[in-house]
């Protein structure tokens, strides 16, 4: 099954795309972007539901700060869950969306079977972001640094040409921080992805900076898969997660050694087999 539909929450038209059959996995983010990242092999075993949140759809009205809150996003996910009749499902959040996935599991735990968190730092505070940049500058190979300098020099002109896609331009030009293959151009992945900048700016710039996923994990009574990329300089270093050790008996932490920010795309066979084994482990 492969279909595109939408659900209305608080006036926002949240599109979703369903691929595959089996245990439902709800992927929070852009239904356009994320449906391009996972392998067809996974859709033979699981039903992936790629759901927009309000940061990736056109606003239905003039927005107020109350429209930006993480709680509103979590409520949107719950309304979508009800609309989709999901009674026992896995929630998946990648990058900033890991904060959404875990906080949803805390606020609405009843129907969540398991939680998948991919490629996030424990917090998105300004201090942590600077730490990641420092780690890149101190440890990345010279050619990767040169590629980054070449790409990031184009960011300002990209934004001047199309300021409404500032978030997308930044994601594309940060490729040397994002991929094991630092020459990879991810521009096509972002084709047709709408970004609602006031909401994205608030969530990434403020809400996620006040959260600490390591602390939140202590209050989640679910099995959690934590997937990280060794070369994911956007949220580096992976040692930020060192305190999540064997005492976190509900957390399975996996580091993909030849991946950056997107192991599902960069190491699909290993990612698929690792995820399949974890999901089917009771």
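The values are calculated or read from the model by the stated rules, or taken from the named source; none is laboratory data. None of these values were measured; they are calculated from a predicted model. Ideal geometry is used to build each Cβ from the backbone, glycine not excepted, and the neighbour counts take in all protein chains shown.
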- [ ] Taking residue 225 as meeting all but one of (1) in contact with a strand residue (DSSP E or B) (Cβ under 7 Å, 6 or more places away or on another chain); (2) in the same structural domain as residue 132 (by TED's automatic domain parsing), write down the number of the exception.
- [x] (2)
Task: Unique residue being over 30 Å from residue 65 (Cα atoms), in a loop (DSSP other than H, G, I, E, B) and without any contact (Cβ under 8 Å) to a residue 40 or more places away in the chain when the list is 243, 259 - done: 243
- [ ] Only residues in segment 129-145 that are over 23 Å from residue 206 (Cα atoms) count as the first member; pair them with residues that are loosely packed, with under 12 Cβ neighbours inside 10 Å, Cβ under 8 angstrom, at least 6 apart or cross-chain, and list the lot.
- [x] 145/137
Open item on the list: I'm checking my understanding of the structure. Among residues of segment 88-101 that are touching a helix residue (DSSP H, G or I) at 6+ places or on another chain (Cβ under 9 Å) and more than 22 Å from residue 178 (Cβ to Cβ), which one is surrounded by the most Cβ atoms within 10 Å (Cβ to Cβ)?
Closed with: 91
Open item on the list: Take the conditions farther than 24 Å from residue 256 by Cβ and in contact with a strand residue (DSSP E or B) (Cβ under 8 Å, 6 or more places away or on another chain) and apply them to residue 106. Does it pass?
Closed with: no
Open item on the list: So residue 146 passes all but one of these: (1) more than 23 Å from residue 240 (Cα to Cα); (2) surrounded by 14 or more Cβ atoms within 10 Å (Cβ to Cβ). Which condition number does it fail?
Closed with: (2)
Open item on the list: Can you tell me which condition residue 281 does not meet? The list is (1) at pLDDT 95 or above; (2) over 24 Å from residue 52 (Cα atoms); (3) surrounded by fewer than 15 Cβ atoms within 10 Å (Cβ to Cβ), and all the others hold.
Closed with: (1)
Task: Failed item, numbered, when residue 180 is tested on (1) crowded, with 18+ Cβ neighbours inside 10 Å; (2) modelled with pLDDT under 95 - done: (2)
- [ ] Would you mind finding the one in 160, 113, 147 that is over 22 Å from residue 184 (Cβ atoms) and not assigned by TED's automatic domain parsing to the domain that holds residue 82?
- [x] 160
Task: Set 205, 192: member being modelled with pLDDT under 95 and closer than 18 Å to residue 53 by Cβ - done: 205
